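The values are calculated or read from the model by the stated rules, or taken from the named source; none is laboratory data. Everything numeric here is computed off the predicted structure, so don't read it as measured data. Reconstructed Cβ throughout: ideal geometry from the backbone, glycine too, with neighbour counts over all protein chains shown. Calculation scope for accessible area: heavy atoms of the full protein, side chains included, ligands and nucleic acids excluded. Shrake-Rupley method; radii C 1.70, N 1.55, O 1.52, S 1.80 Å.
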Amino acid sequence: MAKQKFDPGILREYDIRGIVGKTLHLDTAHALGQAFGTLVRRNGGRSVALCRDGRLSSPQISRAFSKGLRQAGMDVQAVGLGPTPMLYFAERHLQADAGAMITGSHNPPDYNGFKLTIGGKTIYGDEIQKLGAIIRDGNFSSGAGKVLRRSVAGGYAMRILQDADLARPLSVAWDPGNGAACPIVERLTRRLPGRHVVLNGEVDGTFPNHHPDPTLPETLEQLRRAVLSEKLDLGIAFDGDGDRLGVIDNKGRVLWGDQLMMLWSEEILRRQPGATIIADVKTSQTLFDAVERLGGKPIMWRTGHSLIKAKMRETGAQLAGEMSGHIFFADRYFGFDDALYAAIRLLNIVARSPRSLADLRDRLPETVNTPELRIECSEEDKFPIVASVKSRLQAAGAAVNDIDGVRVQTADGWWLLRASNTQNVLVARCEANDQAGLARLKNALGEQLSASGVEADVISSALGEERTAA
Ligand SMILES: [Zn+2]
């Protein structure tokens with residue numbers, strides 16, 4: 001029976017994710033379909049939009065999940081293969097009461113999972129745990145829903161293109177990484193003016209060319225070479241399910257999430273003075289300062305796409321973004337994280353400027369910062385370590401922002417330490433005005449980790465040796 005095989009470990013903070021055949025079985029998908037259908041029904045819903053990514057296991061998992069939904073009385077509006085933002089679009093467009101995306105996002109090919117929404121809101125935390133309780137108790141609604149096949153890819157691509165406004169044609173390399181964004185990238189590039197080079201544009205769940213995760217610079221290497229060798233204006237890469245992007249400028253350099261946010265914020269604040277803009281705790285201070293300087297209201301918020309979307313609704317923010325490349329436009333759009341839409345809004349900015357993207361990047365404020373640093377740490381230790389660092393700092397009267405871990409402001413800049421919600425790591429980042437300041441921040445961080453019992457070799461492998469220079 002399904003219940004015997006259910007591993008509650010797959011129910012995570014923001015989504016459901018497991019290894020196919022190990023922690024995620026067809027029985028699991030079926031039980032989750034029944035449980036999610038039950039939850040939607042308790043919320044008064046009758047229909048669920050269903051989409052899947054291009055992984056080899058996705059069609060089977062989707063069928064099992066769909067069967068569970070129908071047995072719980074849900075009508076299933078099946079939209080087939082597409083990126084996660086297409087599911088969000090479909091939920092609205094088809095007026096479904098809920099949405100389910102079968103995706104392993106950027107994880108290796110043997111992973112798969114679910115992103116679930118009810119009433120346009122991504123469920124997380126306790127709501128996800130409720131599914132486990134429904135399965136444990138076998139407390140399912142019953143009924144006989146129908147499957148309705150729907151085609152939304154064309155409508156979705158047209159909605160994105162509606163906001164394309166390219167003042168001059170651009171030459172662009174696109175790398176959907178053989179992931180679920182491929183069919184939409186094809187539709188967009190067919191209609192956009194200019195020259196478009198698509199790499200890895202065939203859906204292939206084995207990801208034969210590179211891992212679809214644009215936060216890892218090595219996955220952008222093929223795109224970088226294409227931009228340089230073909231002398232293109234820029235390159236854009238998507239993660240496996242199209243809700244995150246990475247960007248390469250015409251000099252072959254990566255633009256990180258917070259640098260891109262600076263460009264989009266400027267554009268929005270010119271039209272909408274006073275707009276609220278949200279960015280996660282990993283984001284450069286220069287973004288918050290720039291939004292303030294341009295007359296906007298910056299808000300620093302917790303990392304996690306579900307949490308950011310909830311904060312956007314609460315504050316009426318026009319734009320939000322995470323360092324990881326999740327970008328959310330409410331200005332002219334729906335407010336969900338859609339990397340394909342964000343790409344179009346970037347093309348608009350580059351096309352309208354007489355300068356290149358590299359020039360636009362070089363105008364941004366200079367800082368010296370680390371990328372996201374990952375410190376290996378057991379699941380049991382990660383939260384207590386952050387709590388002990390926080391209490392020591394607060395006792396010492398440090399300027400600490402504790403909305404998500406600790407973000408400490410000093411005369412040199414800031415450093416962040418937080419427990420990852422998705423992996424057994426502590427995540428850190430430091431940013432200063434100059435190298436000497438950065439070394440001091442890394443030292444301060446290293447001392448705190450050491451005082452909380454993290455081994456010296458673990459600290460130095462994460463922070464590097466140069467931190468001892470100051
Ligand atoms: Zn993703």
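Just a yes or no: is a residue in the stretch 408-420 in contact with a strand residue (DSSP E or B) (Cβ under 6 Å, 6 or more places away or on another chain) and open to solvent by 70 Å² or more (accessible area, probe 1.4 Å)?
Within the stretch 408-420, one or more residues are in contact with a strand residue (DSSP E or B) (Cβ under 6 Å, 6 or more places away or on another chain) and open to solvent by 70 Å² or more (accessible area, probe 1.4 Å).
Just checking, how many residues over the stretch 43-95 are assigned to a helix (DSSP H, G or I) and either open to solvent by less than 30 Å² (accessible area, probe 1.4 Å) or touching a residue at least 12 places away in the same chain (Cβ under 8 Å) (or both)?
Counting residues in the stretch 43-95 that are assigned to a helix (DSSP H, G or I) and either open to solvent by less than 30 Å² (accessible area, probe 1.4 Å) or touching a residue at least 12 places away in the same chain (Cβ under 8 Å) (or both) gives 22.
Could you check, for the stretch 96-104, whether at least one of its residues is open to solvent by 10 Å² or more (accessible area, probe 1.4 Å) and away from the ligand (no atom under 16 Å from the Cβ)?
Within the stretch 96-104, one or more residues are open to solvent by 10 Å² or more (accessible area, probe 1.4 Å) and away from the ligand (no atom under 16 Å from the Cβ).
Scan the stretch 169-178 and give yes if some residue there is part of a loop (DSSP other than H, G, I, E, B), free of Cβ contacts under 8 Å to residues at least 24 places away in the same chain, farther than 28 Å from Arg55 by Cα and more than 16 Å from the ligand (Cβ to nearest atom), otherwise no.
no
Does Gly446 count as small (Gly, Ala, Ser), surrounded by 14 or more Cβ atoms within 10 Å (Cβ to Cβ) and free of Cβ contacts under 8 Å to residues at least 40 places away in the same chain? Before you say what the answer is, go through the steps one by one.
Working: small (Gly, Ala, Ser): yes; surrounded by 14 or more Cβ atoms within 10 Å (Cβ to Cβ): yes; free of Cβ contacts under 8 Å to residues at least 40 places away in the same chain: yes.
When the stated conditions are applied, Gly446 passes them.
Quick one: which of Asn209, Asn178 is of a type outside the set (A, V, I, L, M, F, W, C), open to solvent by 70 Å² or more (accessible area, probe 1.4 Å) and within 22 Å of the chain's Cα centre (by Cα)?
Working: Asn178 fails: open to solvent by 70 Å² or more (accessible area, probe 1.4 Å).
Checking each option against the conditions leaves just Asn209.
Test Tyr14 against the criterion of being open to solvent by less than 60 Å² (accessible area, probe 1.4 Å), outside any helix (DSSP H, G or I) and among the hydroxyl-bearing types (Ser, Thr, Tyr), and give yes or no.
yes
Could you please find all residues in the stretch 308-341 being among the small types (Gly, Ala, Ser) and either within 12 Å of the ligand (Cβ to nearest atom) or touching a helix residue (DSSP H, G or I) at 6+ places or on another chain (Cβ under 8 Å) (or both)?
Ala317, Ala320, Gly321, Ser324, Gly325, Ala330, Gly335, Ala339
If I filter the stretch 313-359 down to residues being open to solvent by 10 Å² or more (accessible area, probe 1.4 Å) and of a type in the set (A, V, I, L, M), which single residue comes out as farthest from Thr276 (Cα to Cα)?
This residue is Ile349.
Among the numbered criteria (1) part of a loop (DSSP other than H, G, I, E, B); (2) away from the ligand (no atom under 16 Å from the Cβ); (3) modelled with pLDDT under 95, which one does Asp258 miss?
It fails just one condition, (1).
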